[in-house]
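Encoded as structure tokens, the structure appears first; notes follow it.
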Amino acid sequence: MSAADKARNKVDNLAGKAKEAVGNMTGDARTRDEGRSDQAKSNFKDAGEKIKDAFKK
């Protein structure tokens, strides 16, 4: 996994956590769910990068 991909996934995950927290504080279920979705996408991309790294070795 390149450092840039890893950093991008981490930023996406943190942005999702922030969005989820804002949704929880404001009571906005849509924003909360978007944050959770963003986190799931980030985790999925991270897992895909790890699989690619495993096959490169």
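Data overview
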| item | result |
| --- | --- |
| Among GLY23, ALA4, PHE55 - extreme Cα towards positive end, dipole of the chain, charges at beta-carbon | PHE55 |
| Long-range lysine pairs (8 or more apart or interchain), the chain, Cα under 17 Å | 16 |
| Hypothetical label at ALA4: residues of segment 23-57 whose amide nitrogen lies under 13 Å (7 Å Cα-Cβ projection) | none |
| Computed [θ] at 222 nm, deg cm²/dmol, the chain (DSSP H ≥ 4; -39,500 (n - 2.57); rounded to nearest 500) | -32500 deg cm²/dmol |
| Surface accessible to a 1.4 Å probe, ARG8 within the full protein complex, Å² | 130 |
| Of all accessible heavy-atom area on the chain, the percent that carbon and sulfur account for (1.4 Å) | 58 |
| Cα coordinate range in the chain, projected on the principal axes (Å, largest first) | 46, 15, 9 |
| List SER42, SER37, ordered by accessible area with a 1.4 Å probe, largest first | SER37, SER42 |
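The values are calculated or read from the model by the stated rules, or taken from the named source; none is laboratory data. Values in this document were obtained by computation on a predicted structure and should not be read as measured data. Here Cβ is always computed from backbone atoms with ideal geometry, including for glycine, and neighbour counts include all displayed protein chains. Accessible surface areas use protein heavy atoms only, side chains included; no ligands, DNA or RNA. Shrake-Rupley method; radii C 1.70, N 1.55, O 1.52, S 1.80 Å.
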